[in-house]
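This report concerns only the one structure given below.
The values are calculated or read from the model by the stated rules, or taken from the named source; none is laboratory data. For clarity, every value in this text was computed on a predicted model and none was experimentally measured. Backbone-built Cβ (ideal geometry, glycine too); neighbour counts: all protein chains shown. Side chains included, ligands, DNA and RNA excluded: accessible areas come from the protein's heavy atoms. Shrake-Rupley method; radii C 1.70, N 1.55, O 1.52, S 1.80 Å.
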Amino acid sequence: MTFRLLHAVVCAVAAGVSAGALAAGAYPTQPVRLIVPFAPGGSTDVLARAVADGLRKELGQSVVVENRAGAGGLIGTEAVARAEPDGYTLGMATVSTMAVNPLLYGTRRVDPATQLTPVGAVATVPVVWMVNPAFPATDFAQFLAELRAHPGKYSFGSPGVGSLGHLNLAAMNADLKVEVLHVPYRGMGPALTAAVGGEVQVQQDQYASAQSLIKAGKLRPIAVSAPTRLAGLPQLPTLAELGYPQLNALGQTWFGLVAPAGTPDAVVQAVNGAAQRALADPALVQRLAALGAEPLTGTPQAFGERIAQTLAANRKIIETAGIKLDE
């Protein structure tokens with residue numbers, strides 16, 4: 001081997017990729033790890049496993065889900081950011097990990113904008129706004145009138161300070177020009193229990209986990225943040241229909257795939273293509289629908305733009321409401 005050829009090989013190895021690994025047709029040649037930054041059994045985990053099954057079929061390799069929960073998603077997100085940028089570690093991205101945590105925790109531990117590469121959006125989940133059955137309103141107009149007539153009388157339970165629920169409440173107060181008090185709990189489960197018991201009167205949650213409480217009459221739906229009306233609640237208007245498109249958009253939870261910064265573009269495109277093909281499979285669409293989710297596809301660039309837009313919107317909410325973790 002000549003010195004020039006040896007030098008070229010050494011440079012390629014130092015970059016962490018080989019010519020064969022970069023070839024679109026050669027990826028993947030081994031199992032892929034999908035890190036979920038939340039505990040098993042939650043909505044992010046369940047959705048990730050459905051997407052992982054679809055990716056496995058399209059990539060022809062095992063896609064192993066690994067839960068790395070803790071610190072509101074920071075631990076798992078850090079694990080993705082620190083992994084080798086070779087396409088064999090992917091991460092499940094959420095609004096919390098990409099567009100809330102950087103604003104509340106800062107970017108010292110992980111900066112999604114510089115340490116992660118957007119691969120593509122995969123799903124959106126509608127959020128239902130609800131009230132305790134004793135609340136004196138059966139539709140959105142009555143709901144709004146009651147809140148405006150009694151500022152500070154009613155309260156809203158969130159999973160914690162700085163959670164998406166907290167941000168959604170701050171946005172609701174600002175957009176609807178009402179004053180609903182914030183009561184933080186240790187997770188969504190206790191917050192829902194408080195709403196059912198009347199400890200708080202206003203609540204919002206993903207449709208997938210809220211629908212059983214709605215069907216049982218334990219919580220009354222008032223409106224939904226979704227692209228269109230829900231098939232399971234066709235009478236329930238979206239906030240966009242009611243004249244609040246920004247609040248409607250903010251309330252929708254999205255999920256996507258990310259990779260460590262520096263992952264070769266050919267690999268990013270290969271995973272994106274596999275995800276889009278998987279999300280076109282009727283079986284996966286039906287599986288997502290059972291979770292209250294809808295497929296959300298697009299290019300890596302489009303997902304990056306979605307993250308940036310959500311980050312900007314959340315920054316405005318946090319600054320306007322003065323939300324801090326030591327609140």
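Overview of values
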quantity	calculated
Subset of region 288-327 (residues that are of a type in the set (Asp, Glu) and within 30 Å of residue 178 (Cβ to Cβ))	294, 319, 326, 327
Filtered residue count, region 226-258, keeping only those that are open to solvent by less than 40 Å² (accessible area, probe 1.4 Å) and farther than 25 Å from residue 120 by Cα	5
In region 138-179, residue most open to solvent (accessible area, probe 1.4 Å) [restricted to those that are part of a helix (DSSP H, G or I) and polar (S, T, N, Q)]	142
Helices (runs of 4 or more DSSP H) lying entirely in region 209-309 (those with 1 or more residues that are among the acidic types (Asp, Glu))	265-278
Residue ID - nearest to residue 314 (Cα to Cα), chosen from residues in region 82-96 that are in contact with a Lys or Arg (Cβ under 9 Å, 6 or more places away or on another chain) and among the aliphatic types (A, V, I, L, M)	90
Complete set of residues in region 192-208 that are of a type in the set (Asp, Glu) and in a loop (DSSP other than H, G, I, E, B)	199
Tally of residues being part of a helix (DSSP H, G or I) and either of a type in the set (Asp, Glu) or open to solvent by 40 Å² or more (accessible area, probe 1.4 Å) (or both) across region 180-191	3
Subset tally (residues that are open to solvent by 10 Å² or more (accessible area, probe 1.4 Å) and either among the polar types (S, T, N, Q) or out of contact with any Leu (no Cβ under 6 Å at 6 or more places or on another chain) (or both)) for region 47-66	11
Subset of region 192-207 [open to solvent by 30 Å² or more (accessible area, probe 1.4 Å) and under 22 Å from residue 245 (Cα atoms)]	206
Given (1) under 25 Å from residue 236 (Cα atoms); (2) touching a helix residue (DSSP H, G or I) at 6+ places or on another chain (Cβ under 9 Å), number of the condition residue 138 does not satisfy	(2)
Selected residue (only one of 66, 84, 78 is touching a residue at least 40 places away in the same chain (Cβ under 8 Å), acidic (Asp, Glu) and over 20 Å from residue 285 (Cα atoms))	84
Out of 113, 123, 81, 69, sole residue that is touching a Pro at 6+ places or on another chain (Cβ under 7 Å) and open to solvent by 30 Å² or more (accessible area, probe 1.4 Å)	69
Residue within region 19-38 that is out of contact with any Gly (no Cβ under 6 Å at 6 or more places or on another chain), in a loop (DSSP other than H, G, I, E, B) and modelled with pLDDT under 90 present	yes
Filter result (within 22 Å of the chain's Cα centre (by Cα) and under 21 Å from residue 323 (Cβ atoms)) within region 184-201	184, 185, 186, 187, 188, 190, 191
